[in-house]
Amino acid sequence: MSTKIPPPIVTLIFGLIIFFSKSLFPIFNFNNSNYVSLIFLIFGFIILITAVKSFKKHQTTINPLNPDQASTLVNSGIFSFTRNPMYLGMLFILLSISFNFNILGGIIICFLFKIYITIFQIMPEEEAMEKIFGKDFVEYKNKVRRWI
């Protein structure tokens with residue numbers, strides 16, 4: 001696995017960048033931005049919690065730095081809609097921060113987060129999953145989208 005930074009730490013770093021870069025971007029607010037932020041936050045946590053519960057139910061690892069320790073290919077529940085619900089949940093949390101503090105810059109930074117996580121986390125995980133689960137993972141990958 002090529003990445004050594006845990007995705008929650010990556011999410012924290014990107015969240016801090018969104019917050020601290022707010023002075024670099026024009027202020028863009030609308031009346032309900034706090035409500036939109038709250039909705040993204042709630043959905044983000046629901047998605048994360050649902051994914052973690054699915055991994056625990058199937059008794060497989062949730063450690064993203066050691067995907068080679070996966071014992072089961074989880075492809076039901078939320079995993080039937082997205083192959084990476086934990087990262088999707090993290091992206092929603094970053095969007096929540098964006099709508100609360102720095103909409104324009106936050107959306108740009110969220111896009112960069114998506115690129116970073118895809119290249120340095122998801123792609124290496126998918127290589128490991130294909131080695132472990134072979135044809136089953138390839139079929140799953142062809143059926144379910146990476147993000148949404």
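The values are calculated or read from the model by the stated rules, or taken from the named source; none is laboratory data. The shown structure was predicted, so the numbers you read here are calculated from the model rather than taken from an experiment. Neighbour counts run over all protein chains shown; Cβ positions are idealised from the backbone, glycine included. Remember, those area values only see protein heavy atoms, side chains included, never the ligands or the DNA or RNA. Shrake-Rupley method; radii C 1.70, N 1.55, O 1.52, S 1.80 Å.
Annotations
- The residue pairs whose first member lies in segment 34-54 and is in contact (Cβ under 8 Å) with a residue 12 or more places away in the chain, whose second member is open to solvent by 50 Å² or more (accessible area, probe 1.4 Å) and β-branched (Val, Ile, Thr), and whose beta carbons are closer than 9 Å, counting only pairs six or more residues apart or on different chains, are Ala51/Ile62; Val52/Ile62.
- Which numbered condition Gly77 misses (of (1) at positive phi; (2) free of Cβ contacts under 8 Å to residues at least 12 places away in the same chain): (2)
- All of Asn34, Asn63 fail the test of being modelled with pLDDT under 95 and closer than 30 Å to Phe133 by Cβ, apart from Asn63.
- Ile148 being surrounded by fewer than 16 Cβ atoms within 10 Å (Cβ to Cβ), within 30 Å of Ser21 (Cα to Cα) and touching a Ser or Thr at 6+ places or on another chain (Cβ under 7 Å): yes
- The helices (runs of 4 or more DSSP H) falling completely within segment 72-148 that include 3 or more residues that are among the aliphatic types (A, V, I, L, M) and closer than 25 Å to Leu12 by Cα map to 85-101, 103-117.
- Count of segment 10-56 residues, restricted to those that are assigned to a helix (DSSP H, G or I) and among the polar types (S, T, N, Q), is 7.
- Selection within segment 1-50 - polar (S, T, N, Q), over 14 Å from Tyr87 (Cβ atoms) and open to solvent by less than 90 Å² (accessible area, probe 1.4 Å): Ser2, Ser21, Asn32, Ser33, Ser37
- Qualifying residue in segment 109-128 (condition: more than 19 Å from Ile5 (Cα to Cα) and open to solvent by 20 Å² or more (accessible area, probe 1.4 Å)): no
- Counted residues, segment 6-42 - those being under 29 Å from Thr61 (Cβ atoms), in contact with a Ser or Thr (Cβ under 7 Å, 6 or more places away or on another chain) and of a type in the set (A, V, I, L, M): 1
- Segment 53-94, subset among the aliphatic types (A, V, I, L, M) and farther than 26 Å from Ile18 by Cα, residue surrounded by the fewest Cβ atoms within 10 Å (Cβ to Cβ): Ile62
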